[in-house]
Amino acid sequence: MPTGSRRETERPAVSVVVPFHGDEGDAARCREALARLGLRSGDQLIVADNTPAGIAADALGEVAAVVRATGERSSYHARNSGAARARCDWLLFIDADCVPTPGFVDRYFDPPPAERCGAVGGGIVGLADQESLLARYARDRNFLHQSEGMHAKAGAAAATGNMLVRRAAFEELGGFAEGIRSGGDVDFCWRLQRCGWSLEFRPRALVEHRHRDTLADFLATIARYAAGSRWLNDRHPGSAPRWPLVHGLIGTAWDVGGHLARGRLEPAAFRAIDGLGLVAHNVGYRASNDV
């Protein structure tokens, strides 16, 4: 029997949990993306609908078990609600705006996680067909990349946009912290490792993420992440300090001027976005992370 067939046979069943908060168009795009999962007999697909109106049921009810998660507007609450319905020993969390690549689930188990591995981070890259300036910027900066992006700066953490979790470890930790907007995945990974579980990475278990296309949405995301960083810093002192503002803006302005002097417009625009993101981070860092 070919090696690929043996691995497919031996792969454990997974419960895929997708938190959803969006409109009908988002639900339709999510359904199209989930069709690419390549699930097999024994696997389970759960969509945790975090919308007040229950939008996901009509668009996704035929392809997934839709669970209402309306206790609070929080992706972590939705993930916990979905995980409560899971029946498999592995929970695979992906976001509704992510598109799995071929062989996605199988690659999480190539090679199999170690016995004390509690979670595995997959790969996250930007959708190649997004051509807006902000999408190109996010791809250039490896914005959600598990080893080079924002989560890598936290150290030994993975994003719930694409993360496999051993159910036993998830239950031991009591799931994700709730009542917060951001930072729950990093907090979970740190708590996991403090309890003696390990964190591994499978970059070939890849999803493509649809980045924010407008500057306002992008900066709001940065501010939300910053509020999560402040929460993490309070919960784990010294772990996620505020980004230095004045020094960072001086360096950004210098770089923008240098790029413009050489006629390099896109690099100049990217550095300008860096500067705006720095401001958004400092504003968000002072905001509440509560839902």
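Please verify whether region 92-104 includes one or more residues that are buried (at least 19 other Cβ atoms within 10 Å of the Cβ) and over 16 Å from Glu208 (Cα atoms).
No, region 92-104 contains no residue that is buried (at least 19 other Cβ atoms within 10 Å of the Cβ) and over 16 Å from Glu208 (Cα atoms).
Would you be able to say whether some residue in region 242-265 is in contact with a Ser or Thr (Cβ under 8 Å, 6 or more places away or on another chain) and buried (at least 18 other Cβ atoms within 10 Å of the Cβ)? If you could, list the steps in order and put the result at the bottom.
Initially, region 242-265 is screened for residues in contact with a Ser or Thr (Cβ under 8 Å, 6 or more places away or on another chain), giving 242.
From the residues that got through so far, the ones that are buried (at least 18 other Cβ atoms within 10 Å of the Cβ) too are none.
Within region 242-265 (the criterion being in contact with a Ser or Thr (Cβ under 8 Å, 6 or more places away or on another chain) and buried (at least 18 other Cβ atoms within 10 Å of the Cβ)), the answer is no, since none of the residues qualifies.
Can you name every residue in region 99-109 that is closer than 20 Å to Ala157 by Cα and in a loop (DSSP other than H, G, I, E, B)?
Tyr108, Phe109
Of all residues in region 202-218, which are of a type outside the set (Gly, Ala, Ser) and farther than 16 Å from Asn142 by Cα?
Arg202, Thr214, Leu215, Asp217
Among (1) closer than 25 Å to Ser288 by Cα; (2) in contact (Cβ under 8 Å) with a residue 40 or more places away in the chain, where does Gly174 come up short?
Here Gly174 meets the rest and fails (2).
Here, each number is a calculation from the coordinates, and none is a lab measurement. Source: prediction; values computed, not measured. Backbone-built Cβ (ideal geometry, glycine too); neighbour counts: all protein chains shown.
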